[in-house]
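Undergrad: Shown below is the structure under consideration.
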Amino acid sequence: MTIAAAAKGATRKSEVTRYQMYINGKFTDAESGKTFEVYDPATEGIIATCPAGGPEDVDRAAQAAHRAFYEGWKGTTAQERGRILFRLAERIRARRAELAELETINSGKPIVEAEYDMDDTATCYEYYGGLATKINGEVLPVPADAIAFAMREPIGVAGQIIPWNYPLLMAAWKIAPAIAAGCTVVIKPAEQTPLTLLKLAEDFEAVGLPPGVVNVVTGDGPGAGAPLVAHSLVRKIAFTGSAEVGKLIMRSAADQLKRVSLELGGKSPNIFFSDADFESAVDGALFGTFINQGEVCSAGSRVLVQRDIYTKFVDAAAAKAKTIKLGRGLDRETKMGPLVSSEQRDRVAGYLEVGRGEAKVAAGGGRPKEFDKGWYVEPTIFYDVDNSARVAQEEIFGPVMSVIPFTDEADAIRIANASQYGLAAAVWTRDIFKAFRVVKSLEAGIVWVNHMQPTFVEAPWGGYKASGFGRELGHWGVEEYLETKQVFINLDEKPIGWY
Ligand code: NAP
Ligand code: MG
């Protein structure tokens, strides 16, 4: 089948590319022979097919990962693993343009953002390449004639399940620390966005990853994700996605007391005090909510504004939101692309209807008229939102901001923490005392002051409350893939003398 690949410009035609998954060092179809279709959200056209992996394919991958772990990988040195990660980073930098373009075509996100993602992806592999040689144990001063220490060892086969919003970057957040730790991996990308990871897998062998060390199984959650969680050779599951699926995973993993780390959703408060720099504040509210079409786990979608600047703030934010340029991600001027799928567009559109009943609309509120194709939603600002409203409590995962007024510091903290989630939060003020008081009071795993969203591989990422547990990035990220072994070496040759 040939489709006019509008995503690549009207003059270029492209075939629907047939992708295969990557198991035991080889590209392969599903054993069932089944495939699923992958779309360009800007054109709604089919751009690729991928194998619809099932339990048999997960089993092949888990067996391969298990063999690879016990038949060699476990014995590799940290330096070797580090060098592999550095080489992978180099390949990503060399293929930046190609991978960024594919990420944009597949996910809808603006190309400029996809390019940042590729840079962050490479940096993540570099960081863990360096960290591989810094995974140290500890010597412990036990009260005995002995040497006691704690060793760190890889868990074994890690199963990893990721979402569609930052496809190649989310894969890096999981693969890089697992490899640094000495684990082997079976990873399932989201069915909407498997392409960039499969493209990168073309380089796995060349950078020195032996067969079976990193396996990519494509398919949907119930078909490929659930059997991965249930597989007896998989020792740990690292999951990023919705709280709903996170609960399913935890229940299933309980059967084998499998280790689990969960990076789930959020409804993060972005708090603006009246003494904040006004222009930066308005910018920060928009950036915090609308980056990546609002398909961001840490989106600052609950905007809390102090009463004395509230009206001016809503007006300024709405005026600016209306100037955000929507369009195909491949256009460099585009600031917001389409949502990832028709399903996600419909979900967000459903919330727009809910919000229109719960609050007032300052900007957007519907689907833009200027596109006859593409899963677009207008950047939307609801205001006079009560914090108990559905659009203030439920994660929408789209370009929808709920503005909530507050009176004073105590009121802001109370509203901010009144959420089942606790992923991220931000506070904007010029008063350093107030800033730190609020930072200490917020129940969130990530807190920004006078900014929202900057994310660095050196710093821990993860949530409080229903936003999950475990931490990615930094040295915390590698901890999730390590066991701790206590060792005691007796130096006293006398009999113990008990019996
Ligand atoms: P999702 O529906 O929970 O899916 C996430 C992944 O889980 C996908 O690969 C999905 O497969 C798979 N899955 C679905 N059902 C499963 C099951 N029964 N067993 C095993 N795996 C299963 O989330 P999403 O819609 O892709 O992504 C949006 C969510 O991710 C939001 O809630 C967002 O906040 C969260 N997120 C969190 C972070 C963070 O760092 N905290 C980062 C990004 C996103 P298929 O989709 O292929 O069926
Ligand atoms: Mg899904």
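Undergrad: Relative to the first principal axis of the alpha-carbon coordinates of the chain, what is the inclination of helix 55-70, with its axis defined by its Cα atoms, in degrees from 0 to 90 and to the nearest 10?
TA: For helix 55-70, the angle is close to 50 degrees.
Undergrad: Mind pulling the angle between the C-alpha long axis of helix 307-321 and the longest principal axis of the chain? Nearest 10 degrees, somewhere in 0 to 90.
TA: 90
Undergrad: What is region 269-449 by shape, rounded, prolate or oblate, if you read a ≥ b ≥ c off the alpha carbon gyration tensor as root eigenvalues and call it rounded for a/c under 1.5, prolate for a/b larger than b/c, and oblate otherwise?
TA: Taking the square roots of the gyration eigenvalues as a ≥ b ≥ c, region 269-449 is prolate.
Undergrad: Apply the Karplus curve 6.51 cos²θ - 1.76 cosθ + 1.60, θ = phi - 60°, to the phi angles in region 182-193 and return the couplings in whole Hz, x for Gly and Pro.
TA: So the J values, rounded to whole Hz, are x, 7, 10, 9, 10, 10, 10, x, 5, 5, 6, 9.
Undergrad: Can I ask one more? From the helices alone, meaning DSSP H stretches of at least four residues, give me the mean residue ellipticity at 222 nm for the chain, per-run term -39500 (n - 2.57), in deg cm²/dmol to the nearest 500.
TA: My calculation for the chain gives -11000 deg cm²/dmol from helical runs alone.
Undergrad: Additional query: Which cross-chain or sequence-distant (5 or more) residues have an amide H under 5 Å from the amide H of residue 427, H modelled 1.01 Å from N in plane?
TA: Correct list: 271, 448, 449, 450, 451.
Undergrad: On to the next question. Please give the residues of region 472-498, grouped as numeric ranges, whose backbone N is less than 17 Å from a label point set 7 Å along the Cα-to-Cβ vector of residue 146.
TA: Hits in region 472-498 for residue 146 at 17 Å: 485-498.
Undergrad: While we're looking at this one, here's another question. If the label point is 7 Å along Cα→Cβ of residue 278, which residues in region 295-313 have backbone nitrogen under 15 Å from it?
TA: Inside the label zone: 306-313.
Undergrad: Return the loop-located trypsin sites (Lys or Arg not before Pro) in region 408-470 (DSSP other than H, G, I, E, B) with at most 16 other Cβ atoms within 10 Å of their own Cβ; answer none if there are none.
TA: Answer by residue number: 430.
Undergrad: Are there GluC sites (Glu not before Pro) in region 429-499 that DSSP puts in a loop and that have at most 15 other Cβ atoms within 10 Å, and which ones?
TA: Those that pass, being in a loop and sparsely packed, are 458, 493.
Undergrad: Now for a separate question. Can you tell me the orientation of helix 342-358 relative to the chain, as the angle in degrees between its alpha-carbon axis and the longest Cα principal axis, to the nearest 10?
TA: The two axes meet at around 50 degrees.
Undergrad: Determine the share of region 269-449's accessible area contributed by carbon and sulfur atoms, expressed in whole percent, with a 1.4 angstrom probe.
TA: It is 51 percent, rounded to a whole number.
Undergrad: How far is the Cα center of region 59-114 from the Cα center of region 241-296, in Å?
TA: If we compute the Cα centre of each part, the gap is 25 Å.
Undergrad: Loop only per DSSP, at most 16 neighbouring Cβ atoms within 10 Å: give me the GluC sites (Glu not before Pro) in region 162-211, ordered by residue number.
TA: 202
Undergrad: Ok, one more. Using amide H atoms built 1.01 Å from N in the peptide plane, name the residues 5+ places from residue 52, or on other chains, whose amide H lies under 5 Å from its own.
TA: 30, 34, 35, 36
The values are calculated or read from the model by the stated rules, or taken from the named source; none is laboratory data. If you're wondering where the values come from, they're calculated on a predicted model, not measured in any experiment. All Cβ positions, glycine included, derive from the backbone under ideal geometry; neighbour counts span all protein chains shown. Note: areas computed on protein heavy atoms with side chains; ligands, DNA, RNA excluded. Shrake-Rupley method; radii C 1.70, N 1.55, O 1.52, S 1.80 Å.
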